[in-house]
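What follows is calculated from the coordinates using simple rules that are stated; it is not laboratory data. It should be emphasised that the depicted structure is a prediction, and the values quoted were computed from it without experimental measurement. Cβ atoms come from the backbone with ideal geometry, glycine included; neighbour counts cover every protein chain shown.
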Ligand SMILES: Cc1cc2nc3c(=O)[nH]c(=O)nc-3n(C[C@H](O)[C@H](O)[C@H](O)COP(=O)(O)OP(=O)(O)OC[C@H]3O[C@@H](n4cnc5c(N)ncnc54)[C@H](O)[C@@H]3O)c2cc1C
């Protein structure tokens, strides 16, 4: 059976693969996108039911298509985001083959090609782009044994409050996912404990502008690297309920019990670090520093935006902040479920090339890997802070497509001797 050949094989048809297909098409690079599930699958089956986009429709999108029919300042549902990406793929004519999994890609020795094993046969490709997503495999820290008699699930598998057995819920992790899930459960009448680590919590809006706008004008989306020492600081934002600033003091006042970082488990008791107030205080500082930066921007540029002194209001400390819970006997507290909103890891097991460091992390510069012909897209901080966001990946995709086109032109170059040889061969065969 002849082996299918393609110039550039893109693995994954989420926002990254779709954006790349658009740019490769514009550059005239023949390519194929393989997707093991459906287009934009992560938005359909990898998120909880009520999830809406974290950013408003005017911002969290590709530059060439608006969210038709949506309030530009509203937050589209996850299904609407998935539909948008499907529409976009159709609009740009992305050559996507769904239901095909890439099992292995490795260099063919001595040839400038990669052999790609897929669930539907072999493909040979000059370039391989891993657009398989930054949020692939749920990570659960090894704290709670499986057999302690509570339901444990990762935020990736959480769908809605009805899915959980009756009783109190412990949510571990207070980034955007953990905080939204904890809030949803509390609104559904559950007793909820939320384990809060280091975090940033930008204002949803300030002086009439969404924080995505502020990050844009302040140049913060384009930060090239995370500040040293803040690699584990998560960001807590939400578009839920029309978009509200995440304020842990307010949430505590509404009935959520905040605790520090979850540390260990013994004899039915979960233990938390004594870092709750510190984490909340630093989160407040990150919030206030953004208001300060926004005010300074207004003063400097003279832009006419209404003042908003109420944004600096500090909610009073609730009991859980005054006397933080350090130990929780799960059975005594009636906790029947633990939700781990503790992040994800990537999976490049299928990519057998020399493009990873000794910890298995991609070795790359703006997605161009150390292995010629291998590229990454959608990595956190691939080129900037915005790299994993819908609009940010579009710019990274343009860079990758340009780099592939540039390399193609180098490969097509023929030196004077080769050109003369080719001309002679052509003349002889004429
Ligand atoms: C809970 C949550 C909420 C988020 N909300 C927002 C938001 O509001 N706004 C925003 O801009 N960003 C948001 N993000 C971040 C980001 O936009 C999404 O994670 C997005 O899905 C990433 O797109 P991607 O194309 O890089 O990866 P994915 O969407 O994960 O796409 C990768 C694709 O590759 C496929 N694949 C993987 N391995 C293989 C293989 N071996 N062979 C074939 N196919 C394969 C997968 O099936 C998948 O469809 C959110 C992330 C999470 C986790």
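The modelled label-to-label distance between residue 352 and residue 315, using points 7 Å beyond Cα along the C-beta direction, is 5.3 nm. Potential lengthening of the chain between residue 65 and residue 157 amounts to 30.1 nm, from the contour at 0.36 nm per residue minus the alpha-carbon distance.
Rank 350, 43, 340 by mean-square fluctuation in a GNM of the chain with C-alpha springs under 10 angstrom and give only the top-ranked residue. Of the options given, 350 has the highest mean-square fluctuation.
The eigenvalues of the Cα gyration tensor, multiplied by 5 and square-rooted, give segment 70-193 an equivalent ellipsoid with semi-axes of 39, 23, 12 Å from largest to smallest. Here, P(r) means the percent of Cα pairs in each 10 Å bin from 0 to the largest distance; for segment 1-158 it is 10, 32, 29, 19, 9, 1. Relative to the dominant Cα principal axis of the chain, helix 78-91 is inclined by about 20°. One decimal place: the segment residue 87-residue 359 gains 94.2 nm when fully extended, by the rule 0.36 nm per residue minus the C-alpha distance. Normalising the average separation of contacting C-alpha pairs (under 8 angstrom, six or more residues apart) by the number of residues puts the relative contact order of the chain at 22 percent. As a proxy for reagent exposure, 98, 281, 342 were ordered by neighbouring Cβ count within 10 angstrom, fewest first; the result is 281, 98, 342.
By the count of neighbouring beta-carbon atoms within 10 Å, fewest first, 170, 261, 422 end up ordered 422, 261, 170. Mind checking the angle between helix 276-301 and the chain's longest principal axis? C-alpha axes, 0 to 90 degrees, to the nearest 10. Roughly 60 degrees, rounded to the nearest 10. Ratio of Rg to Rh for segment 69-121: 1.23 [Cα atoms; Kirkwood radius as inverse mean 1/r over pairs]. Just checking the listed ones, 52, 148, 116: in the Gaussian network model of the chain with Cα springs under 10 Å, the one fluctuating most is 148. Taking all Cα-Cα distances within segment 226-283, those exceeding 12 Å account for 77%. Name the most mobile residue of 41, 146, 117, meaning the one with the largest mean-square fluctuation, in a Gaussian network model of the chain with Cα contacts below 10 Å. Maximum among the listed residues: 146.
Shown here are the Rg and Dmax of the Cα trace of the chain, at 24.7, 91 Å. What FRET efficiency, computed as 1/(1 + (r/R0)^6) with R0 = 35 Å and r the Cβ-Cβ distance, is obtained for residue 79 and residue 267, rounded to the nearest 0.05? In this case the efficiency is close to 0.20. Projected label points at residue 140 and residue 38, each 7 Å from Cα along the beta carbon direction, are separated by 2.7 nanometres. Modelled this way, with points 7 Å down the Cα-to-C-beta line, the labels at residue 430 and residue 278 are 8.0 nm from one another. Taking 25 °C and 0.890 mPa s as conditions, segment 139-340 diffuses translationally at an estimated 136 µm²/s according to Stokes-Einstein applied to its Kirkwood radius (Cα pairs). Centre-to-centre separation between the Cα atoms of segment 365-407 and those of segment 341-364: 15 Å. Computed from Cα positions, the angle between helix 15-26 and the longest principal axis of the chain comes to roughly 30 degrees.
Using r as the Cβ-Cβ distance of residue 370 and residue 345, and R0 as 22 Å, what FRET efficiency do you calculate, to the nearest 0.05?
Rounded to the nearest 0.05, the efficiency is 0.60.
Going from the fewest other Cβ atoms within 10 Å to the most, the residues 187, 408 appear in the order 187, 408. From most to least packed by mean Cβ count within 10 Å, the peptides 13-26, 324-337 give 13-26, 324-337. Cβ-Cβ distance of residue 409 and residue 241, R₀ of 56 Å, FRET efficiency by 1/(1 + (r/R0)^6): the value works out to about 0.65.
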